[in-house]
Amino acid sequence: MAERKAVPIREAKGKLGVLIPGMGAVTTTLLAGIEGIRRNLYPPFGSVTQMGHIRLGRRDEGRQPLVKQVIPLADLNDVVVGGWDIFPDDCLTAARKAGVCTNEQLDQVKDYLGSIKPMSAVFDRRFVKKLDGPNVKQAKTLWDKHLMLEEDIHRFKSENGCDRLVMIWIGSTEVYIQPSEVHFTVESFEAGLKNNDPGISSSMIYAYTALKNGIPYINGAPHLTNDCPALTKLAQEKKVAHCGKDFKTGQTLMKTIIAPGFKARLLGVDGWFSTNILGNRDGEVLDDPDSFKSKEVSKLSVLDTILQPDIYPELYGDLFHKVRINYYPPRGDNKESWDNIDIFGWMGRKMQIKINFLCRDSILAAPVALDLILFTDLAQRAGMSGIQEWLSFYFKAPLHAPSVYPEHDLFIQLWKMKNTLRYLIGEELITHLGIEYYNYFE
Ligand SMILES: NC(=O)c1ccc[n+]([C@@H]2O[C@H](COP(=O)([O-])OP(=O)(O)OC[C@H]3O[C@@H](n4cnc5c(N)ncnc54)[C@H](O)[C@@H]3O)[C@@H](O)[C@H]2O)c1
């Protein structure tokens, strides 16, 4: 078989600066965990880049190295973090308020967390109605605010001696908006920044500033941001990698694990009722119907593309899918979700499945954010600009080319991601065909 060539990838040398709008529960859990891993306090549970192995070659070759041994990822010791928040709390104070990690865990890394203080944010309450805070930039136009962000970024980069940067939105979920004229072209978007167009949300200003400066952008929330033609085009023009939307963590992760199994065995689904109770600040923000709408659209999208009711109308044509999130303060970050799934099988006989997931939202999200940061930086160094569909594995509503439907099946997503990694390092792609094992006769 012809040898495949590896893709030339710029070396991951020097510091990788990670810029984070939103330094709440997920961000502080991410930072506490990264520092804990750097200090060898615990293994990097949940992270493919740190703990995952990848099979290379045929099964009988026995090559199963760690992903990070064969893929040129940035080293965790080279990661430096900065960010913005509307609250001025340093990350230790914010982490204690979020209540995700134990006080003992936070004490072990308190010097590090205490040293990270958010820069003042670009924020407009119209897009996050339940929040207000004092650490906010004031300027006449959105364009001026963009310039202020640019200044923050340049300062951060030079103060920390960064070789390159990645930006990841881990801020609150903004209200649902449909793309309108201002979001259609780079020119209309820039004009909108200059004349304070009401259709431009705060997250879009961060994303625009990142992409314009050649910084890869990741959207961890479900709102529009980089999922609009203007910013997609800007990313193409500037040859920057970007991806989103909405980290796939608790209930939706379960859905994209289980639903492919139903389809594989041709089990029908009549209804899927999903409800949650959540008491952290994210839950409070999602208590606003307009922010919830962004989340609802993202959470509802997964079943249709996995089950393909257009191809299997008898099995999934009448599926009733409902998702609720209820703000319930006593639970804090410990989200509890319930799923009732009404299924049917042979001779149309009906069955039920109940799932009760008692999860910790930010504990599930932190390794996802870490992997996205390191893989998006890898993509940029490998010259893979534009939408990073191979990272769909991590998202509830993966960005994709307009000509194709998004892939939601977790196992296809994982296969695609690992094959992309094999492709980058010039290894054979794995099809699982194994046809050579049947050729015993001749
Ligand atoms: N935890 C999960 O499992 C999960 C899964 C998918 C998506 N998400 C998304 O990740 C995001 C963060 O979740 P969280 O639990 O950390 O929420 P959080 O409320 O604890 O933190 C969000 C932070 O963003 C800040 N913020 C809001 N607008 C900002 C702006 N314009 N600029 C800078 N900072 C801003 C808030 O002040 C807050 O501190 C949310 O959008 C959430 O929906 C979380």
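The values are calculated or read from the model by the stated rules, or taken from the named source; none is laboratory data. Please read all numbers here as calculations on a predicted model, not as lab measurements. Cβ: placed from backbone, ideal geometry, glycine included. Neighbour counts: every protein chain shown.
Here are the numbers for this structure:
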{"read-out": "Top-ranked residue of the range 298-319 - restricted to ones that are more than 27 Å from the chain's Cα centre (by Cα) and in contact (Cβ under 8 Å) with a residue 24 or more places away in the chain, ranked as surrounded by the most Cβ atoms within 10 Å (Cβ to Cβ)", "value": "TYR316"}
{"read-out": "Among residues of the range 321-337, those that are under 19 Å from LYS396 (Cα atoms), away from the ligand (no atom under 11 Å from the Cβ) and either at pLDDT 95 or above or among the basic types (Lys, Arg) (or both), counted", "value": "2"}
{"read-out": "Within the range 41-92, considering residues that are farther than 30 Å from ILE153 by Cα and of a type in the set (S, T, N, Q), the one surrounded by the fewest Cβ atoms within 10 Å (Cβ to Cβ)", "value": "GLN69"}
{"read-out": "Leading residue by the ranking (nearest to ASP371 (Cα to Cα)) among those in the range 64-94 that are within 10 Å of the ligand (Cβ to nearest atom) and aliphatic (A, V, I, L, M)", "value": "ALA94"}
{"read-out": "Number of the condition not met by SER274 [criteria: (1) more than 16 Å from the chain's Cα centre (by Cα); (2) under 23 Å from PHE123 (Cα atoms); (3) within 15 Å of the ligand (Cβ to nearest atom); (4) small (Gly, Ala, Ser)]", "value": "(2)"}
{"read-out": "Members of the range 214-235 found to be within 16 Å of the ligand (Cβ to nearest atom) and hydroxyl-bearing (Ser, Thr, Tyr), listed by number", "value": "TYR217, THR225"}
{"read-out": "Test: ILE343 is within 13 Å of the ligand (Cβ to nearest atom), assigned to a strand (DSSP E or B) and at pLDDT 85 or above", "value": "no"}
{"read-out": "Whichever residue in the range 13-33 is assigned to a loop (DSSP other than H, G, I, E, B) and under 27 Å from LYS248 (Cα atoms) and, among such residues, is farthest from the ligand (Cβ to nearest atom)", "value": "MET23"}
{"read-out": "Condition broken by LYS238, with the remaining ones in (1) away from the ligand (no atom under 16 Å from the Cβ); (2) within 12 Å of PHE395 (Cβ to Cβ); (3) among the basic types (Lys, Arg) satisfied", "value": "(2)"}
{"read-out": "Failed item, numbered, when TYR316 is tested on (1) modelled with pLDDT under 95; (2) in contact with a Leu (Cβ under 6 Å, 6 or more places away or on another chain); (3) more than 12 Å from the ligand (Cβ to nearest atom)", "value": "(1)"}
{"read-out": "LYS130 being in contact (Cβ under 8 Å) with a residue 24 or more places away in the chain, of a type in the set (Lys, Arg), buried (at least 18 other Cβ atoms within 10 Å of the Cβ) and not assigned by TED's automatic domain parsing to the domain that holds SER291", "value": "no"}
{"read-out": "Number of the exception - ASN213 against (1) under 30 Å from GLU11 (Cα atoms); (2) out of contact with any Phe, Trp or Tyr (no Cβ under 9 Å at 6 or more places or on another chain); (3) without any contact (Cβ under 8 Å) to a residue 60 or more places away in the chain", "value": "(3)"}
{"read-out": "In the range 367-396, residue nearest to the ligand (Cβ to nearest atom) [restricted to those that are within 30 Å of ASN276 (Cα to Cα) and either β-branched (Val, Ile, Thr) or outside the structural domain of ASN226 (by TED's automatic domain parsing) (or both)]", "value": "VAL368"}
{"read-out": "Of all residues making up the range 378-393, the number that are acidic (Asp, Glu) and crowded, with 24+ Cβ neighbours inside 10 Å", "value": "0"}
